[in-house]
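Asker: Quick one: structure below, then a few questions.
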Amino acid sequence: MHKCFSFLIAVALAAPTLSLAQSSKEDDRLKDSTDVLRAVLGDPDKGIPDKSECVIVYPAVKKAAFVFGASYGRGVATCRTGAEYNGPWGPPAMFALEGASFGLQAGGQATDFVLLVMNQTGAASVLKSKVKIGADASAAAGPVGRNASAETDAVMTAQILSWSRAKGVFAGVSLSGSTMRSDDGANKNLYGKDLSATEIVRGDKVKTTPAGEPLLKLLDETSPKHAE
């Protein structure tokens, strides 16, 4: 009886430590995603258009050593609130990216990805439980350069635009064939309850955590209003 009681006490004491360790992973992911987006938006030569309903960032995606070459990344997504996706940016949700090939550099080089969801149809697809880029939502490599704008053909027709950054080189990249999904386990760790991606970024179920506030502040400063 004494041993059983001691075991229960030990588990109870360890639980907060485990919870903090889990949440710190999500906090680190939010920080890394913010750093990637800040680096990209801070360079005017990159010319990312700001007419978007959602922003998704995957920091340090790595290529796995499989026969056919698979890749897996973990990042965050946030969308504008409001029925027409024209309100303030909502709390970030944890997302995962999986695919057979992202065009990553050889030698295990980690690559950052930034995706913009350009219309309501694309946003609705992304916020589903799982979306295949290029099939469930049309995609294109994002334009790069000072002349890149929301008027280019790619921006006007694609639901998702994507960019990559590795070793300081920034370029548009197509992620067609890759799959995105809500990282439900990480979302539960971050917010303390089971929630869908839609409930997090579009509803009023949760508030942004302190770790997520710098990301939303950056987006508010860069794109406070939806560009019509």
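Throughout, read-outs are computed from the coordinates displayed, never taken from laboratory work. Please read these numbers as outputs of a predicted model, since none were measured by experiment. Ideal geometry is used to build each Cβ from the backbone, glycine not excepted, and the neighbour counts take in all protein chains shown.
Asker: In this model, which of Lys130/Lys193; Lys31/Lys193; Lys31/Lys51; Lys51/Lys193; Lys25/Lys225 are farther than 26 Å apart at the alpha-carbon? List each step's numbers first, then the result.
Answerer: Values: Lys130/Lys193 20 Å; Lys31/Lys193 21 Å; Lys31/Lys51 24 Å; Lys51/Lys193 32 Å; Lys25/Lys225 31 Å.
In this structure, Lys51/Lys193; Lys25/Lys225 exceed 26 Å between Cα atoms.
Asker: Separation between the Lys25 and Ala39 pseudo-spin-labels, each 7 Å from Cα along Cα→Cβ, expressed in nm?
Answerer: So the two model labels end up 2.3 nm from each other.
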